[in-house]
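Trainee: I'd like to ask some things about the structure below.
The values are calculated or read from the model by the stated rules, or taken from the named source; none is laboratory data. Note that this is a predicted model, so its numbers are computed, not measured. Here the Cβ positions follow ideal geometry from the backbone for every residue, glycine too, while neighbour counts run over all protein chains shown. Accessible surface areas use protein heavy atoms only, side chains included; no ligands, DNA or RNA. Shrake-Rupley method; radii C 1.70, N 1.55, O 1.52, S 1.80 Å.
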Amino acid sequence: MPESVPVRCPACRTAHVYTAPVYPCACGAPGAPRLDPVAEPAVAAHRAWDEEWATVPCAACGRRNQWPRPELGCPCGSVLLIPLAGTPRASSPDTPGADTAAVRRPPPPTARDAVGAAALCLLGLGHRDVRRAGRRPSGGFGLAAHGLLAQVDATPRPAGQRDVECLWLTAMAQAAECVYFSRGGSTAEALDRAAALGIPLFALGPPGVTRPANDAAAALATGRASPHGPGAADGD
C-alpha cells in the first residue's frame, strides 16, 4: 500500500497530504519510493536532469528502478520536493501561525506527474522495462524501453512540427520506435507531420491520465499497431 505523509509548503505554510505514486517493476511487483514522514519539503528552484529521478529498489526481485522523484504542486505556485527516507533533512522555517487545514482543491500537475503518466501508459502498452532515456530527446524528458524512445513535454506549449521531427530523427539514430507525449497538445503542422511519419501522439491530461491524440496513438492503445520507427518493419 502506498505511503501517505503530511507536507507543509515552506512558502505559504499550507498543509497537504502527499501519497507516493506506485509503479510496477519489470517483474510485475508494485513499488513506491520510501518517504520521510517528518522532514520538511524543499521548494524546487533550479531543475537538474539527474535530480529528477529517485532509485527505488524492488522488494520482490531487488531490481533498482529509477522513477520520477516525488514532488507536489502547491496552489501558491511552489513545487515541493518530497523528502525521501534516508536523505538529509532540510531545515524547517520558523513561521508562526501556520494553517493546519488540508487543501481540498487538487494541486496543479507537475513535470513528474507528466513523466509518471507517460511511464504508466508505456507500461500499459506492454513495455515492462521503462526507464529514463540515456540520451534524451532535444526537449522535455526522455523515457526508453527496449526498442522504444518516448518524449514527454510537460509544458503548456503545443508540440510543433520540429519537435516531432527531432524525436523521429533521434529515434532513427538509435534504430528505435518513438512515441510523443504532450501536455499542451499539438499544432496542426505537428499533427500532419506525425501522421506522415506514423508517430503516435498522446495528450497528457490530469495527473495520471493520457489519451490518444492521433490515429497512430489510438491504434497503439487498442493493440492494433506498434509505434512507428526505424526498426518497426524489421520486428524484434
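Trainee: So in the stretch 38-53, with the set limited to residues that are open to solvent by less than 20 Å² (accessible area, probe 1.4 Å) and modelled with pLDDT under 80, which one is nearest to PRO21 (Cα to Cα)? I'd like the intermediate steps shown before the answer.
Mentor: Going residue by residue through the stretch 38-53, those that are open to solvent by less than 20 Å² (accessible area, probe 1.4 Å) are 39, 41, 52-53.
Subset that is modelled with pLDDT under 80: 52-53.
Details: GLU52: 15, TRP53: 13 Å.
Filtering the stretch 38-53 for residues that are open to solvent by less than 20 Å² (accessible area, probe 1.4 Å) and modelled with pLDDT under 80, the one nearest to PRO21 (Cα to Cα) comes out as TRP53.
Trainee: Can I ask one more? For a quick check of your reading of the model, give me the residue pairs whose first member lies in the stretch 194-214 and is outside any helix (DSSP H, G or I), whose second is among the basic types (Lys, Arg) and surrounded by fewer than 19 Cβ atoms within 10 Å (Cβ to Cβ), with beta-carbon atoms closer than 7 Å and at least 6 apart or on different chains.
Mentor: From residues that are outside any helix (DSSP H, G or I), the pairs are PHE202/ARG211; ALA203/ARG211; GLY205/ARG211.
Trainee: Can you run down the residue pairs with Cβ atoms below 7 Å, 6 or more apart or on separate chains, where the first is in the stretch 167-188 and assigned to a helix (DSSP H, G or I) and the partner is of a type in the set (Val, Ile, Thr)?
Mentor: What qualifies is TRP168/ILE199.
Trainee: Continuing with the same structure: For a quick check of your reading of the model, give me the residue pairs whose first member lies in the stretch 67-82 and is without any contact (Cβ under 8 Å) to a residue 40 or more places away in the chain and open to solvent by 20 Å² or more (accessible area, probe 1.4 Å), whose second is of a type in the set (Asp, Glu) and assigned to a strand (DSSP E or B), with beta-carbon atoms closer than 8 Å and at least 6 apart or on different chains.
Mentor: Listed pairs, sorted by first residue: VAL79/GLU71.
Trainee: In the stretch 169-185, which residues are surrounded by fewer than 24 Cβ atoms within 10 Å (Cβ to Cβ) and of a type outside the set (D, E, K, R)?
Mentor: LEU169, THR170, MET172, ALA173, GLN174, ALA175, ALA176, GLY184, GLY185
Trainee: Among the residues of the stretch 90-113, is any among the polar types (S, T, N, Q), surrounded by 18 or more Cβ atoms within 10 Å (Cβ to Cβ), modelled with pLDDT under 80 and touching a strand residue (DSSP E or B) at 6+ places or on another chain (Cβ under 7 Å)? Show your work before the answer.
Mentor: Pass one, the stretch 90-113, residues among the polar types (S, T, N, Q): 91-92, 95, 100, 110.
Subsequent filtering for residues that are surrounded by 18 or more Cβ atoms within 10 Å (Cβ to Cβ) retains 110.
Within this subset, residues satisfying the condition of being modelled with pLDDT under 80 are 110.
Within this subset, residues satisfying the condition of being touching a strand residue (DSSP E or B) at 6+ places or on another chain (Cβ under 7 Å) are 110.
Checked the stretch 90-113: at least one residue is among the polar types (S, T, N, Q), surrounded by 18 or more Cβ atoms within 10 Å (Cβ to Cβ), modelled with pLDDT under 80 and touching a strand residue (DSSP E or B) at 6+ places or on another chain (Cβ under 7 Å).
Trainee: Out of PRO83, PRO70, PRO2, report the one residue that is within 21 Å of the chain's Cα centre (by Cα), more than 22 Å from GLY205 (Cα to Cα) and at pLDDT 80 or above.
Mentor: After ruling out the rest, the residue left standing is PRO83.
Trainee: Scan ALA150, ALA217 and give me the residue that is over 27 Å from THR55 (Cβ atoms), modelled with pLDDT of 90 or more, of a type outside the set (Lys, Arg) and under 21 Å from the mean Cα position of the chain (by Cα).
Mentor: ALA217
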